[in-house]
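Down below is the structure, laid out as structure tokens.
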Amino acid sequence: MTRTASKGVATIVAAVTIAFFLLSLGKTASTPEPRSEVHAIWAHPSDAGQTPESVRAFVEQCKRANIDLIVMMGKGTDGSIFWKSRRFPQAVAPAYQSFDLIENLTREAHAQGIRVHIWLCDFVEGINGAAYREHPEWAQLNADGGITSTEPLNGGRPYGGLGMCPARRPGYTDQWLLPMIEELAANYPIDGIHHDYVRYTGDVAPDSYCFCDFCLKNLPRHALFNWETRPEERYRAQMVRPRIEANWEDSPSMLPADWEQRDRREKADFLLNGRTLPGGPADMRYFFYEYRVDQINAFVREAWERVKRINPRIEISAAVFKNPIQSARFIGQKWNDWTPWIDTFMPMSYRSHFQGSFDAYLDHLTEITTRQMEWIGRRKPLYVGIATTYLFREETQPLDDLRQAASELKALPATDAKNRAEKARAIATAFEAVRARLARFAPERERELATLVAAVAPQESGPADLATPDALVNLVNRLRREPPPGYLPPEKLAQAIAAARKAQPDGIVIFAAGSVTRENLWPALEAAFER
């Protein structure tokens, strides 16, 4: 071949190569590669057990269900931690003092190509936990100086969760929580840290926390309600504009002159209901809400910075309430602000957080997922959180009603015939709502339950057997703990996942592994997550 011919062939080859390159660019621009949906699951230490063999079996089950990410609890709501901590040995759960769950889990999961995030319940502790036992001054306080675990729920029972103040420094945030996060990042080959309870305890008392001594001093300072320099001088708003609230920018004194003499409740009342400018609107609580948002934002940012300094490859993820605009007001959790410091958002879009029928939930799940991605501008991945237990309201509510009525019947004296008859009717009504489905999937349980329901009915020959309500409650408890296979329709899980997928999120995360086991849903999850 002549030099000229060779040159011609080379020119043709180059032209074809360039053409294919340009064609590929056009294809990429017009038909982007589909994103791979990530499958994740929240799990508790009890799901993995306390032996290498039980951890391996749990990971193998996750692998069969095409799970890409296990979010394993490392710090529970009672303050217990589940790794062999050198810095906080007093907080390690007794069952895990001699077994290193995280070491075994990361080894087994990574061998199967599964990532591991360690899940921390951030600002909640137990009344008997090490943190509160050693530092009761770290707890959030209400206007009466009470802690969150004293707040009443329906029926008068206490809330139980003990909220710790996110703002106080030195305090729980910088002396306990952040050092725990650093210890995990420095000592384990984990793939991520997962925030939960990264908020104030607003699910029980939204406007009641925190009014600890630190916050009563720090909130006014944070918003600069008064000058710390020349404190003896007070400044009134200068009325240079007719609307009084328009005269804010020259920093008039906003705290009452007797602020230091007021008690906790008086200060709390002013911070919620007071006026920033005398004669203006009662707008002081705006700063209360913003203060709480700023404290949570500061923690999320600092956790990110500390982890990334130790190991930039470790991700930060977060379980968050479904609406960041509303959760900012009620619990200080404005998570659409967190895109610089969170790698993956996992909104808890559980059915328990929605009203209406199951079909309504499916519609709302698609809608809220779309909005969630709008709120963060799709700047970070978002995995839709679906809780299996709450999907089955229609199947479980009658059982709960039956149990409640039986418990109330048990508390009534045998001589109270009228109210006992009313409770017996409520028991019969609840039983009829589950009878057909129970007979289909567990006929022996249906017969046993029918016998007990009939036994609590008023008897013409005398009072009903007072032991029967106990037996009824115990049987219903067993049914709730161990629902018969098929009683909870697995297609509901598939439908919820399909509804979430309509919004095209980056992944699905299921709450939780133990529930999936108890509710016989692993086959349904394997089918829904099939590649």
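What do you reckon, is S251 closer than 29 Å to P152 by Cα and of a type in the set (G, A, S)? Judged against the criteria, S251 is not a match. The conditions of being surrounded by fewer than 16 Cβ atoms within 10 Å (Cβ to Cβ) and of a type in the set (A, V, I, L, M, F, W, C) are met by A95. When the range 367-399 is filtered for residues that are of a type in the set (V, I, T) and buried (at least 18 other Cβ atoms within 10 Å of the Cβ), the ones remaining, listed by number, are I368, T369, I376, V384, I386, T388, T389, T396. Just so you know, in the range 148-201 the residues that are crowded, with 21+ Cβ neighbours inside 10 Å and modelled with pLDDT under 95 include one that is farthest from D294 (Cα to Cα), and it is G161. Applying the set (1) surrounded by 18 or more Cβ atoms within 10 Å (Cβ to Cβ); (2) not in a loop (DSSP other than H, G, I, E, B) to R133 leaves exactly one unmet item: (1).
Exactly one residue out of R107, R86 is more than 25 Å from the chain's Cα centre (by Cα), part of a loop (DSSP other than H, G, I, E, B), at pLDDT 95 or above and surrounded by fewer than 17 Cβ atoms within 10 Å (Cβ to Cβ), and it is R86. Output yes when any residue across the range 293-307 is farther than 30 Å from M72 by Cβ and not hydrophobic (A, V, I, L, M, F, W, C), and no when none is. So far as the range 293-307 goes, yes, one or more of its residues are farther than 30 Å from M72 by Cβ and not hydrophobic (A, V, I, L, M, F, W, C).
Does at least one position in the range 510-531 carry a residue that is out of contact with any helix residue (DSSP H, G or I) (no Cβ under 9 Å at 6 or more places or on another chain) and of a type in the set (K, R)? Within the range 510-531 (the criterion being out of contact with any helix residue (DSSP H, G or I) (no Cβ under 9 Å at 6 or more places or on another chain) and of a type in the set (K, R)), the answer is yes, since at least one residue qualifies. For the range 470-484, filtered to residues that are in contact (Cβ under 8 Å) with a residue 40 or more places away in the chain and hydrophobic (A, V, I, L, M, F, W, C), the residue that is surrounded by the fewest Cβ atoms within 10 Å (Cβ to Cβ) is V473. Among the residues making up the range 97-130, those that are of a type in the set (D, E) and within 21 Å of I181 (Cβ to Cβ) are D100, E103, D122, E125.
For R425, the stated conditions do not hold, so it cannot be described as surrounded by fewer than 18 Cβ atoms within 10 Å (Cβ to Cβ) and not assigned by TED's automatic domain parsing to the domain that holds A471.
What pairs come up if the first residue lies in the range 134-156 and is closer than 25 Å to N273 by Cα, the second is surrounded by 21 or more Cβ atoms within 10 Å (Cβ to Cβ) and β-branched (V, I, T), and their beta carbons are under 6 Å apart, counting only those six or more places apart or on different chains? Filtered contacts from the range 134-156: A139/I147; Q140/T148; T148/T201.
Can you pull out the residues in the range 148-203 that are among the aliphatic types (A, V, I, L, M) and in contact with a strand residue (DSSP E or B) (Cβ under 9 Å, 6 or more places away or on another chain)?
L162, M164, L177, M180, I181, L184, A185, I190, I193, V198
Among the residues here, Q355 qualifies as loosely packed, with under 14 Cβ neighbours inside 10 Å and in the same structural domain as N520 (by TED's automatic domain parsing).
Among the residues that make up the range 490-499, is at least one of them in contact with a helix residue (DSSP H, G or I) (Cβ under 9 Å, 6 or more places away or on another chain), under 20 Å from E60 (Cβ atoms) and assigned by TED's automatic domain parsing to the domain that holds D359?
no
Evaluating G146 against the criteria (1) assigned to a loop (DSSP other than H, G, I, E, B); (2) on the phi < 0 side of the Ramachandran plot; (3) touching a helix residue (DSSP H, G or I) at 6+ places or on another chain (Cβ under 7 Å) leaves one unmet condition, (3). Inside the range 154-203, residues that are assigned to a helix (DSSP H, G or I) and either touching a Leu at 6+ places or on another chain (Cβ under 9 Å) or more than 15 Å from T77 (Cα to Cα) (or both) make up a count of 17. Looking across the range 305-334, just one residue is hydrophobic (A, V, I, L, M, F, W, C), buried (at least 20 other Cβ atoms within 10 Å of the Cβ) and free of Cβ contacts under 8 Å to residues at least 60 places away in the same chain, and that is A328. Checked against the criterion of being without any contact (Cβ under 8 Å) to a residue 60 or more places away in the chain and more than 42 Å from the chain's Cα centre (by Cα), the candidates A237, A246 yield just one match: A237.
The values are calculated or read from the model by the stated rules, or taken from the named source; none is laboratory data. Computed from a predicted model, the values in this text were never measured in an experiment. Neighbour counts run over all protein chains shown; Cβ positions are idealised from the backbone, glycine included.
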